[in-house]
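**Student:** Please see the structure below; I have some questions.
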Amino acid sequence: MLRTRIAMTIGDPSGVGPEIAMKLLARAENLAKADVYLLASQKEVDAFSEELGLSVPTELGLSVPTADASAPASATSAPASASPMPAATMHTPGRVTLVGSDRQDIAVPRGIPSIEGGQRVMADLLKALQMYKDGQVDSILFMSLNKSALHWAGMHEEDELRWFAMELGYDGFTSELNFIPGLATSRVTSHCGIKDVAERINARAVRDAITLLNSVLAGSGVEHPRIAVCALNPHGGENGQFGREEIDHICPGIELARFDGVTVDGPFPPDTTFLRAMKGEYDGVVTMYHDQGQIALKTIGFDEGVTVQGGLPVPICTPAHGTAYEIVGQNKASIRPAQRAFDIATSLGAAQRAAM
């Protein structure tokens, strides 16, 4: 059976990312699920794991399985089948293969955002994306990062999802997906001002947000996803009294998704949609803007949230919490969101590889 190959980063080294990564990789059951290629040095793994009193089994990777160099993988399609590696550099099940970082072993201040931390994150994410392009991995898992540090380091896109799409040369529909146990969301608009939300909602965007959430839920193991769609306006617009977005855009988008075979209902007034979902009526909810879904999910399950960079050619997952600078070095960071992110990256990577 083909095992999922995951490129994993330690996130912002100034935050709790390294701590969580070591806790995750010290679990033998995780290394039994997937082949992990960690963008870190042996010196870094030793230092972080010793601080936590953990042991992470590692091996040095001179290289990882690559696609046929004469036919490089397109950024908008699945990579070519990997060619065999020499036995001396093959990944050993039960061990973490260290592939290094272009900025490994560089001192960074701990517990505060820094340009050095942002530079490390960007370098590692670029290398992970290249590993995917070269057919070396099936999914990417990155630990928490800090947006200010990334901005200082040169990331000026609207968010990291747009940056990923740019680096992959991908111009299709993307949406940040958020997972808590038993429920996931996508959104039609994301990191934009509230004043700009209504003009960005159209039937195609609604359809795309629905079908994307449906496909990712199916890839993560939900056999027949059931999806609810939130309205934009109070009371669902009251038949146009409070706005026509539901009539002109959201309902047509839902019909388009049904035509694509998705089981989807709505639009529902957003103040009750999540109550229905939490009762088990739906596996996913499509929201119209960022906080419409995030407030609900973080209230329900903040400690178990996972973000998936949805729509990209490669599954990219991360725990939804931040860098938690205030508890760095105290061995207090919870592993639960990262564990769920690891499991989702494994499932989505396996689904992607099976479809090749």
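**Student:** Rg (Å, one decimal) plus Dmax (Å, integer) for the alpha carbons of the chain?
**Tutor:** Answer for the chain, Rg first and Dmax second: 20.5, 69 Å.
**Student:** Assign unit charges at the C-beta atoms only (+1 for Lys and Arg, -1 for Asp and Glu), then state the dipole size of segment 101-251 relative to its Cα centre in Debye, rounded to the nearest 20.
**Tutor:** Dipole size: approximately 180 debye.
**Student:** Then there is this: Give me the orientation-averaged projected area of the Cα convex hull of segment 181-286, in nm², one decimal.
**Tutor:** In nm², the orientation-averaged hull projection of segment 181-286 is 6.5.
**Student:** Here is a further query. Give me the distance in nm between label points sitting 7 Å out from Cα along the Cα-to-Cβ direction at Ser148 and Asn331, one decimal.
**Tutor:** Those two pseudo-labels are separated by 3.0 nm.
**Student:** To the nearest 500 deg cm²/dmol, what mean residue ellipticity at 222 nm is calculated for the chain from DSSP H runs of n ≥ 4 alone, each contributing -39,500 (n - 2.57), summed and divided by the residues?
**Tutor:** Calculated mean residue ellipticity at 222 nm is -11000 deg cm²/dmol.
**Student:** Another question, if that's okay. With θ set to phi - 60°, apply the Karplus curve 6.51 cos²θ - 1.76 cosθ + 1.60 along segment 225-232 and write out the HN-Hα couplings as whole Hz, x wherever there is a Gly or Pro.
**Tutor:** In residue order, the calculated couplings are x, 10, 10, 10, 10, 7, 6, 8 Hz.
**Student:** Right, here's the next one. Stick to the Cα atoms of segment 228-356, pair each with every other, and give me the Kirkwood hydrodynamic radius in Å at one decimal.
**Tutor:** About 17.0 Å for segment 228-356.
**Student:** Go through segment 195-200 residue by residue and turn each phi into a ³J(HN,Hα) via Karplus (6.51, -1.76, 1.60, θ = phi - 60°); whole Hz please, and just put x for glycine and proline.
**Tutor:** 5, 9, 5, 4, 6, 8
**Student:** Next question, about the same structure. Whole-Hz Karplus ³J(HN,Hα) for segment 34-44, in order, using 6.51 cos²θ - 1.76 cosθ + 1.60 and θ = phi - 60°, x for Gly and Pro?
**Tutor:** Karplus-based 3J(HN,Hα) across segment 34-44 equals 8, 8, 9, 10, 9, 8, 7, 9, 5, 4, 5 Hz.
**Student:** Quick one: length gained pulling Glu59 to Met166 fully straight, 0.36 nm per residue minus the C-alpha distance?
**Tutor:** In short, 35.3 nm is gained.
**Student:** Still on this model: About its Cα centre, what dipole magnitude does segment 286-356 give when the only charges are +1 on Lys and Arg Cβ and -1 on Asp and Glu Cβ, stated in debye to the nearest 20?
**Tutor:** Computed about the Cα centre, the dipole is about 160 debye.
**Student:** Which angle from 0 to 90°, rounded to the nearest 10, does the C-alpha axis of helix 290-301 make with the longest principal axis of the chain?
**Tutor:** So the helix axis and the longest Cα principal axis differ by about 70 degrees.
**Student:** So, one more: What whole-number value in Å² describes the accessible area per residue of the chain for a 1.4 Å probe?
**Tutor:** 42 Å²
**Student:** With a cut-off of at most 16 other beta carbons within 10 Å, and DSSP calling the residue loop, which trypsin sites (Lys or Arg not before Pro) in segment 257-356 qualify? Please list them.
**Tutor:** Here the sparse-neighbourhood loop sites are Lys279, Lys332.
**Student:** Using modelled backbone amide H atoms (1.01 Å from N, in-plane), which distant-in-sequence or interchain residues come within less than 5 Å of Thr4's amide H?
**Tutor:** Counting only residues 5 or more places away or on other chains, the set is Asp35.
**Student:** To the nearest 10 degrees, how steep is helix 203-219 against the longest Cα principal axis of the chain, on a 0 to 90 scale?
**Tutor:** It is inclined by approximately 50 degrees.
**Student:** Which percent of the accessible heavy-atom area of the chain goes to carbon and sulfur, probe 1.4 angstrom?
**Tutor:** In the chain, the share of accessible area belonging to carbon and sulfur is 53 percent.
**Student:** How large is Rg/Rh for segment 87-169, to two decimals, with Cα atoms and a Kirkwood Rh?
**Tutor:** Checking Rg against Rh, the ratio lands at 1.00.
**Student:** Hey, got the dipole for the chain? About the Cα centre, +1 on K and R Cβ, -1 on D and E Cβ, debye to the nearest 20?
**Tutor:** Magnitude of the dipole: close to 480 debye.
**Student:** Placing +1 on the Cβ of each Lys and Arg and -1 on the Cβ of each Asp and Glu in the chain, which of Gly117, Ile201, Pro269 has its Cα farthest towards the positive end of the resulting dipole?
**Tutor:** With unit charges placed on the Cβ atoms, the residue in question is Gly117.
**Student:** Please sort by residue number the GluC sites (Glu not before Pro) in segment 255-356 whose DSSP state is loop and whose Cβ has at most 12 other Cβ atoms within 10 Å.
**Tutor:** Taking segment 255-356 and a limit of 12 other Cβ atoms within 10 Å, the loop GluC sites (Glu not before Pro) found are Glu281.
The values are calculated or read from the model by the stated rules, or taken from the named source; none is laboratory data. Quantities reported herein were computed from a predicted structural model and do not represent experimental measurements. Heads up, the Cβs are rebuilt from the backbone with ideal geometry, glycines too, and the neighbour counts pull from every protein chain shown. With ligands, DNA and RNA removed, areas are computed over all heavy atoms of the protein, side chains included. Shrake-Rupley method; radii C 1.70, N 1.55, O 1.52, S 1.80 Å.
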